[in-house]
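Values in this text are rule-based calculations from the coordinates and carry no lab data. Source: prediction; values computed, not measured. Quick reminder, even Gly has a Cβ in these numbers, built from the backbone with ideal geometry, and neighbours come from all protein chains shown.
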Amino acid sequence: MKRFAALILTTGLFATMMACETSDSPTTPDIDTEDPTGSWALLSFEPAGGTVVPVPDPSRYTLDLGVNEPGRVNIQADCNRCNSDHEVSGSAMSFGLMACTLAACQPGSFERDYIDALGSTSMFQRNGDSLMLGYEGGVMRFEAR
């Protein structure tokens, strides 16, 4: 009887352990892949290992993902506007070649940093009215507008 109880207990523990393993990789955290479609305003840059750089006027750095047409993106980068396509697969996101106006923005503009970061975006995470884009070198945080 003791051996039978031990066998049942061991089988139950093994089944529980297998049921809890939901990721293909034990080091990959679960990521919210809620649809990123919407209009977004950039709040901050968060360089890896650096300090948060807040954007003084988020309304000058916007992102309209799939708002006018699925797969298309309209970008306001301070005094310039860009258009591109974007692709989403799971939690991965990338932008295509961007066509941008070439106005000279005021000194201190984040225009070039913003466009470069978008160009190297590789992943996203959306949580309701918040969107985070991971790019080469850090993270950009957005809020719905």
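Using 5 Å bins from zero, what percent of all Cα-Cα pairs in segment 38-144 falls into each bin?
2, 13, 24, 29, 20, 9, 2, 0
Could you pull out which residues in segment 122-138 have an amide N less than 20 Å from a spot 7 Å beyond the Cα of SER89, following the Cα-Cβ vector?
Once the point is set 7 Å along Cα→Cβ of SER89, 122-126, 133-136 turn out to lie under 20 Å by backbone N, inside segment 122-138.
Modelled label-to-label distance, THR51 and THR37, 7 Å Cα→beta-carbon offset: nm?
4.1
How much length is gained on full extension from ARG81 to ALA144, taking 0.36 nm per residue of separation minus their Cα-Cα distance? Don't skip to the answer; put the middle values down first.
On the way: separation 63, 0.36 × 63 = 22.68 nm, distance 1.87 nm.
Going from the current span to full extension adds 20.8 nm.
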